[in-house]
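K.L.:
First, the structure itself, so that you have it in front of you.
The values are calculated or read from the model by the stated rules, or taken from the named source; none is laboratory data. Just so it is clear, the structure is predicted and the values come from calculations on it, not from any experiment. Note that each Cβ is placed from the backbone with ideal geometry, even for glycine, and that neighbours are counted across all protein chains shown. Ligands, DNA and RNA are excluded from the accessible area calculation, which covers all protein heavy atoms including side chains. Shrake-Rupley method; radii C 1.70, N 1.55, O 1.52, S 1.80 Å.
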Amino acid sequence: MAQALYRKWRSQTFDEVVGQEHVMQTLRNALRDNRVAHAYLFCGPRGTGKTSTARILAKALNCTAPEADRPCDKCPTCVAISEGRMLDLVEIDAASNNSVDDIRELRDKVSFRPSEGRYKVYVIDEVHMLSNSAFNALLKTLEEPPPHARFILATTEPHKIPATVLSRCQRFDFRRIPVPEIAAHLQHIINAEKFKADPEALTAIARSAQGCMRDAISLLDQMLNYGAETLTFNQVQQALGAVSAQAVAALVDALATRNVTAGLALIQQLVVEGASLTEFCHQVIEYLRGIMVIQMTGDTALLYELPAETIKQMQLQAKQLTGPATFAAIKRFNATIQDLKGGYHPQLPLELALIESIQGDMISAPIAVAPTFAQPTVQWPTPIAPATLPIDAPTATPSAQPVVNPPAVLQPADQKPAPVEPPPLDSAAIQKLNARWKELLGVVRKQCGVQVEAALRSVRDIAVSEQTVALAFGTNEFTRDMVARPDNLAKVGGILSNFVGRSITLECQIGEQAKLANMISIAPTQEQLDGPDPLVEYALSNLGAEVV
């Protein structure tokens, strides 16, 4: 039976490991100076050589060749490890052997001496999957193993390893492998397997692997079964579900020129052709990242992996797009990747990302409504609760109704509207506030919640001046503080502004009478002053309290 390429081409010596020179050099020196640690922790993304390096280190510790040649990959011990039949190399998958009983069994066997080599090597893969109890059972053995035992832990998520374990290991971080190094290794495999491939095709495979050598070799293995004499870039694109660089550039052109129609037509064409929209979104993000790099640095040397024609096109588009627009588009398309995994219309998230990237400022712009009021400018305290107090007064006659400001008109971005002073409060506005107090409380309940509405019911007096409304809450600091919270104060002030047809500033005061300069006082009725305590009413109706 044929063997998968990633298994056939697994690194067997330190020299064959690609892209991890900092780890290999340290391990070589430790072997040379006989300073090999009793426990190592290999961290890094998948497919970067952690398990392969662990096996190579096990070979080097047990190799029978001269010290300078270890591991030789030729002696019986090295061959046995390569073929997976070395009894002194124990590999444990912590994902399926993560209980405390599994670790206790391992701990009981550690004391037995090796049967073939000089060292017994335990490799625990995906060690972060061990339970807390299993980690605790491993601690003492990991700190002081027998002289003949060595531990190598491997994980893709080192942040899940307890600090007590980290402190007992020498940690090595494996990095993602750069695209040129992956492409060069793929070319080496192609030559050894007696196949042919375009360099552009190998680079595309290397880029899609995102630093993972195993993924790159697996994709190469898939492509070599395509049946063609030479592996081409188009074949790789078809296998990945990717689209041409021209299509990606065309979408970014639509973004730069704010041409929604062209962008939507391109996405629809990709859907008809059966392209992978997720892969296309990845390509768009990568392309926009290139534009961002050019905008921020002006240095195209940072994009050495890209063809010269693509870089020239990016430079032109970098001048058409603003920096903030590029950043926003990258964020929006990046967020779209998760949305593309489901949904009735698979292309809809991508279409929305395009439209919002082009017209985001228009979509997010506030819509002017009439009447329009300035946000109250206030500085106030904190929280609140309930109350009871409508203010009854005769309704204003139609002739006394205040004139409401006309709807605001959206101004072009380059023009600032002339500031308009809001008209002062007049007697008609005061009468409207008095007459519609109960209605106002209903709106407050809907927009701010029952607690803020209940707090307003505890108001004992209202005073009004030209641009200010003051509410007096008696001795009830709790309800005063509830309304005076900045978020609640802004909402209640906005609601009051809409009711009186004026832009007002709201003040919350303690005392039986509200006081303002040049004010018109609105006295509450005797029923309001002598009514039940609002806090008691709130506790009875909303909190299930009982009067004792």
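K.L.:
Please compute the net charge surrounding Ile510, taking Lys and Arg as +1 and Asp and Glu as -1 over other residues with Cβ under 15 Å from its Cβ.
P.N.:
Once all neighbours under 15 Å are counted, the net charge is -2.
K.L.:
Ok, one more. What are the semi-axes of the equivalent ellipsoid of the range 169-304, taken as the square roots of 5 times the eigenvalues of the Cα gyration tensor, listed largest first and rounded to whole Å?
P.N.:
Equivalent ellipsoid of the range 169-304: 29, 22, 13 Å, largest first.
K.L.:
Excluding same-chain residues fewer than 8 positions from Lys438, which aspartates and glutamates have a Cα within less than 16 Å of its Cα?
P.N.:
Of all the aspartates and glutamates, those that pass the test against Lys438 - Cα under 16 Å, at least 8 places apart if same chain - are Asp392, Glu453, Asp461, Glu527.
K.L.:
Tell me, how many Å apart are the Cα centres for the range 184-245 and for the range 294-324?
P.N.:
For the range 184-245 versus the range 294-324, the Cα centre distance is 26 Å.
K.L.:
Would you calculate the volume per residue, in Å³, of the smallest convex hull containing every Cα atom of the range 298-343?
P.N.:
With only Cα atoms used, the range 298-343 gives 115 Å³ per residue.
K.L.:
List every residue whose amide H lies under 5 Å from the amide H of Leu231, counting only residues 5 or more places away in sequence or on a different chain, with H placed 1.01 Å from N in the peptide plane.
P.N.:
Lys196, Ala197, Asp198
K.L.:
Of the heavy-atom accessible surface of the range 167-235 (probe 1.4 angstrom), what whole percent is carbon and sulfur?
P.N.:
Carbon and sulfur atoms account for 47 percent of the accessible area of the range 167-235.
K.L.:
Still on this model: Would you mind checking which residues have amide H under 5 Å from Tyr40's amide H? H placed 1.01 Å from N; only 5 or more apart, or other chain.
P.N.:
Amide H neighbours of Tyr40, under 5 Å, 5+ apart: Phe151, Ile152, Leu153, Gln170.
K.L.:
Counting only protein chains, not ligands or nucleic acids, how are Lys160, Lys446, Lys196, Lys432 ordered by accessible area (probe 1.4 Å), most first?
P.N.:
Of Lys160, Lys446, Lys196, Lys432, the descending order of accessible area is Lys446, Lys196, Lys160, Lys432.
K.L.:
Around Cys508, which amide H atoms from residues at least 5 apart in sequence, or from another chain, sit under 5 Å from its own amide H, with H modelled in the peptide plane?
P.N.:
The list, which skips near neighbours in sequence, is Leu471.
K.L.:
Mind scanning Lys8/Lys74; Lys8/Lys50; Lys109/Lys160; Lys160/Lys341 and naming the pairs with a C-alpha gap bigger than 19 Å?
P.N.:
Lys109/Lys160; Lys160/Lys341
K.L.:
Moving to a separate point now. Say R0 is 51 Å: what FRET efficiency, to the nearest 0.05, do Arg46 and Phe478 get from their beta-carbon distance?
P.N.:
It comes out at approximately 0.35.
K.L.:
For the range 1-112, take every pair of Cα atoms, bin their distances at 5 Å starting from 0, and report each bin as a whole percent.
P.N.:
2, 10, 19, 21, 22, 15, 9, 3, 0
K.L.:
Let me ask you something else. With every protein chain present, what accessible area does Tyr6 have (1.4 Å probe, heavy atoms only), rounded to the nearest 10 Å²?
P.N.:
90
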